[in-house]
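> Have a look at this one before I ask anything.
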Amino acid sequence: MSKGILVILSGFSGSGKGTLMKRLLEKYDNYALSVSATTRSPRPGERDGVDYFYKTEEEFSRMIRNDEFLEYACYVNHSYGTPAAYVDEQLNLGKDVILEIEIQGALKVKKKRPDTVLIFVTPPSAEELERRLTGRGTETQEVIQQRMARAVEEAESMEHYDYILVNDTVEECVDQLHLLIQSQHLQTSHQRDFIREIRGELREREEHRK
Ligand code: 5GP
């Protein structure tokens with residue numbers, strides 16, 4: 001069985017990447033979602049081990065010292081990190097593993113593992129982003145403005161990503177995301193076992209013919 005593909009999904013707050021991932025896992029098999037460790041407190045409704053592994057500063061530091069992270073980064077005063085063990089276990093099982101992380105972490109992983117696929121999710125326009133943030137109805141006008149300002153900064157890093165995925169309607173976008181990831185399996189770098197196999201078969205047949 002060939003190894004899975006490591007995929008990083010980033011995007012503006014309000015790009016709909018959370019919904020997108022949820023639908024991807026519901027609709028298609030063979031994906032595993034990495035659960036990160038964080039030092040921030042759980043929000044209402046979030047569960048330990050499901051949304052994040054919630055850690056104290058000391059626990060997080062210990063994980064760093066024990067080299068347990070594939071990457072870790074600081075985001076708005078809190079630490080976030082991807083435990084490497086689960087990612088590698090799932091990749092070795094042939095699963096395509098998705099990390100939903102921010103840009104600094106994404107670039108660190110790409111450096112360590114260049115065959116990681118970096119995907120940036122965005123709404124079709126700035127107007128639509130603001131509309132979605134407002135439409136959630138859970139955020140104050142001030143928070144919406146902060147997120148819009150952050151989006152301006154984050155947009156500066158879009159070129160570092162391999163693909164830009166426009167999330168217009170969720171169902172269409174999910175299918176596109178699935179196709180995009182599956183097409184990565186066809187890359188030569190992910191076909192080494194197949195190449196070796198067919199080369200062997202061809203040589204063997206040639207030997208018999210002689
Ligand atoms: P939130 O606190 O809103 O759940 O996440 C804040 C930011 O941290 C989001 O952009 C999210 O993608 C990112 N994030 C979550 N987990 C990780 C991680 O393990 N590593 C990095 N580098 N970023 C993460």
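> Would you confirm, using the coordinates I've provided, whether Thr19 is open to solvent by 70 Å² or more (accessible area, probe 1.4 Å) and either within 22 Å of Ile119 (Cα to Cα) or away from the ligand (no atom under 12 Å from the Cβ) (or both)?
Considered against the rule, which asks whether it is open to solvent by 70 Å² or more (accessible area, probe 1.4 Å) and either within 22 Å of Ile119 (Cα to Cα) or away from the ligand (no atom under 12 Å from the Cβ) (or both), Thr19 comes out as yes.
> Right, something else. When only residues in segment 93-105 that are charged (D, E, K, R) and assigned to a strand (DSSP E or B) count, which is surrounded by the fewest Cβ atoms within 10 Å (Cβ to Cβ)?
Filtering segment 93-105 for residues that are charged (D, E, K, R) and assigned to a strand (DSSP E or B), the one surrounded by the fewest Cβ atoms within 10 Å (Cβ to Cβ) comes out as Glu100.
> I've got another one for you. Anything in segment 36-92 that is outside any strand (DSSP E or B), buried (at least 17 other Cβ atoms within 10 Å of the Cβ) and more than 17 Å from the chain's Cα centre (by Cα)? List them, or say none.
Across segment 36-92, the qualifying residues are Thr39, Lys55, Phe60, Met63.
> Then there's this: Pull out all pairs, ordered by first then second residue, where Cβ-Cβ is under 8 Å, the residues are six or more apart or on different chains, the first lies in segment 34-50 and is in contact (Cβ under 8 Å) with a residue 40 or more places away in the chain, and the second is more than 10 Å from the ligand (Cβ to nearest atom) and assigned to a loop (DSSP other than H, G, I, E, B).
If the second residue must be more than 10 Å from the ligand (Cβ to nearest atom) and assigned to a loop (DSSP other than H, G, I, E, B), the pairs left are Val35/Gly49; Val35/Val50; Ala37/Lys55; Thr38/Lys55; Thr39/Lys55; Thr39/Thr56.
> Residues being in contact with a Phe, Trp or Tyr (Cβ under 6 Å, 6 or more places away or on another chain) and acidic (Asp, Glu): count how many of those fall in segment 64-122.
2
> Can I ask one more? Could you tell me which residue of segment 112-148 is nearest to Tyr80 (Cα to Cα), considering only residues that are touching a strand residue (DSSP E or B) at 6+ places or on another chain (Cβ under 9 Å) and open to solvent by 80 Å² or more (accessible area, probe 1.4 Å)?
Lys112
> Scan segment 1-16 residue by residue and report those that are in a loop (DSSP other than H, G, I, E, B) and within 16 Å of the ligand (Cβ to nearest atom).
Phe12, Ser13, Gly14, Ser15, Gly16
> Report yes if Val152 is under 22 Å from Gly105 (Cα atoms), open to solvent by 50 Å² or more (accessible area, probe 1.4 Å) and touching a Pro at 6+ places or on another chain (Cβ under 6 Å), otherwise no.
no
> Something else: Among the residues that make up segment 25-47, is at least one of them away from the ligand (no atom under 14 Å from the Cβ), touching a Lys or Arg at 6+ places or on another chain (Cβ under 6 Å), at pLDDT 95 or above and under 30 Å from Asp168 (Cα atoms)?
Yes, that holds for at least one residue.
> Now, a different point. I'm trying to understand the selection: among the residues of segment 76-125, which are within 16 Å of the ligand (Cβ to nearest atom), without any contact (Cβ under 8 Å) to a residue 40 or more places away in the chain and over 22 Å from Tyr52 (Cα atoms)?
Selection gives Lys111 alone.
> If you don't mind, another one. In segment 155-205, what residues are of a type in the set (D, E, K, R), surrounded by fewer than 12 Cβ atoms within 10 Å (Cβ to Cβ) and modelled with pLDDT of 95 or more?
Glu156, Glu159, Glu171, Glu172, Arg196, Glu197, Arg199, Glu201, Arg203, Glu204, Arg205
> Consider Lys110 carefully, then state whether it is of a type in the set (Lys, Arg), under 29 Å from Gln191 (Cα atoms) and within 14 Å of the chain's Cα centre (by Cα).
yes
The values are calculated or read from the model by the stated rules, or taken from the named source; none is laboratory data. Keep in mind it's a predicted model, so treat the numbers as computed, not measured. In this analysis, Cβ positions are derived from the backbone assuming ideal geometry, glycine residues included, and neighbour counts consider all displayed protein chains. Heads up: the accessible areas ignore ligands, DNA and RNA and are worked out on the full protein's heavy atoms, side chains in. Shrake-Rupley method; radii C 1.70, N 1.55, O 1.52, S 1.80 Å.
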